[in-house]
Amino acid sequence: MTAADWTTIGQPQDIRLVVADMDDGFWPMLARLKRRGVEFVPASGRQYATLRNMFADKAAEILDGGELSYIAENGNVVALDDKVVEVHGVDLDVTRHVIDLVDDAAASGEHNVGLVVCGLKSAYVQRSDKPFLDEVGKYYAALSIVDDLHEVLDFAQEPSAYTPDGDAEIVLKLAILDLDGSERFTNEKLTHLRADYQVVVSGKLWVDIMNIETDKKQGVEALQRVLGVTPAQTAVFGDYLNDLLMLEAGDWSFAMGNAHPDLKAAARYIAPSNVEHGVLKVVDRLVA
């Protein structure tokens with residue numbers, strides 16, 4: 001499929017859901033969209049608490065006390081009006097296995113490594129030295145230091161048992177930080193997990209272990225079910241590879257002008273780049 005330029009969209013459409021990374025220029029339009037029944041949802045790999053820290057106060061100001069919806073942790077957490085409606089995660093057996101695996105690698109001196117157990121309520125670490133915490137703190141606004149990560153297993157429950165009104169912790173994903181570089185650790189220690197889990201090198205120092213079926217597309221589909229919105233009423237914007245499957249959830253799919261070539265090949269339209277406030281321009285055309 002060859003993507004068309006966004007300017008070929010000739011008239012406003014019946015859009016009810018817009019999913020994209022937040023664009024700073026988008027705030028003035030947010031209240032108008034809400035009044036017209038259009039839900040705008042930031043979709044990110046970041047922690048849910050981090051997204052709330054970034055956006056909640058501004059959203060409340062713009063929406064007169066209202067709240068945003070979110071797709072966080074690459075689809076592991078879906079929140080509608082800041083109320084969690086769906087979670088996905090990893091089971092407690094693999095959590096225990098990875099805790100032991102990382103502990104053994106660190107104790108042997110093989111790898112300069114530590115584990116972040118990413119829960120719905122908080123992220124948890126047992127390593128507390130400054131270089132490690134400085135790197136972890138860039139991504140996790142809600143962070144708890146425990147003596148032993150096995151303690152988390154005592155108050156966590158399996159993701160399949162999650163209910164929105166429950167109090168138990170859910171392990172969403174396992175993030176391993178190797179300060180010497182994540183690729184060697186991944187190749188040496190984690191290949192046996194790939195059959196049942198996503199094992200994704202997410203940065204020079206990071207590797208994530210997640211539910212094999214979880215992605216941002218699932219997050220969009222969860223919101224569509226809750227809101228009663230169809231793919232034909234959904235506009236989705238992406239720029240990186242973790243947005244690729246998400247484009248399938250909306251008939252109005254856009255790759256940003258600065259997006260990865262694979263996204264441009266998969267999208268229905270090309271939008272202006274992020275630095276040109278591309279989401280803002282396209283939504284203005286779509287929703288008028």
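The values are calculated or read from the model by the stated rules, or taken from the named source; none is laboratory data. Quick caveat: nothing in here was measured; it's all calculated off a predicted structure. Every residue, glycine among them, receives a Cβ derived from its backbone with ideal geometry; neighbour counts consider all protein chains shown. Side chains are part of the model used for accessible areas, which takes the heavy atoms of the whole protein and leaves out ligands, DNA and RNA. Shrake-Rupley method; radii C 1.70, N 1.55, O 1.52, S 1.80 Å.
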On a 31 Å Cα-Cα criterion, which of the cross-link pairs 58/216; 204/281; 58/217; 173/281; 138/189 come out too long?
204/281; 173/281
Tell me the carbon and sulfur percent of the accessible area for the range 232-288, rounded to whole percent, probe radius 1.4 Å.
55
Stretch gain in nm, segment residue 179-residue 285, where the contour uses 0.36 nm per residue and the Cα spacing is subtracted:
33.6 nm
The set of residues whose placed amide H lies less than 5 Å from the amide H of residue 212, leaving out same-chain residues fewer than 5 positions away, is 198
Tally Lys and Arg at +1 and Asp and Glu at -1 over the other residues with C-beta under 11 Å from the C-beta of residue 243: what net charge comes out?
-3
Please turn the phi angles of the range 206-217 into ³J(HN,Hα) values with the Karplus equation 6.51 cos²θ - 1.76 cosθ + 1.60 (θ = phi - 60°), one per residue in order, whole Hz, x for glycine and proline.
10, 9, 10, 10, 9, 3, 5, 9, 8, 7, 5, 4
FRET efficiency for residue 276 and residue 61, Cβ-Cβ distance as r, R0 = 25 Å, nearest 0.05?
0.50
Which residue fluctuates the most in the chain, going by a Gaussian network model with Cα springs under 10 Å, if the choices are 253, 160, 122?
160
Difference of contour (0.36 nm per residue) and Cα-Cα distance, residue 85 to residue 230
50.4 nm
Helix 278-287 against the longest principal axis of the chain: what's the angle in degrees, Cα atoms only, rounded to the nearest 10?
50
To the nearest Å, what is the center-to-center distance of the range 216-287 and the range 68-122, using C-alpha atoms only?
26
Keeping every protein chain present and rolling a 1.4 Å probe, give me the accessible area per residue for the chain in Å².
44
Structure-derived Cα Rg over 2.2 N^0.38 Å: which label, when the choices are [x] 1.04; [y] 1.09; [z] 1.52
[x]
Provide the FRET efficiency to the nearest 0.05 for the residue 35-residue 163 pair, computing r from the beta carbons and using R0 = 30 Å.
0.40
Residues whose modelled amide H sits under 5 Å from the amide H of residue 171, counting only those 5 or more places away in sequence or on another chain, are 90, 157
Using alpha carbons only, how many degrees (0 to 90, rounded to 10) separate the axis of helix 48-62 from the longest principal axis of the chain?
30
For the range 15-133, the accessible surface attributable to carbon and sulfur atoms (probe 1.4 angstrom, ligands and nucleic acids excluded) amounts in percent to 46
Calculate, for residue 195 and residue 104, the FRET efficiency according to 1/(1 + (r/R0)^6) with r their C-beta to C-beta distance and R0 22 Å; round to the nearest 0.05.
0.55
Given the options 258, 187, 53, which has the most mean-square fluctuation in a GNM of the chain, springs set between C-alpha atoms less than 10 angstrom apart?
187
Within the chain, helix-based [θ] at 222 nm, where runs of 4 or more DSSP H residues each add -39,500 (n - 2.57), nearest 500
-9000 deg cm²/dmol
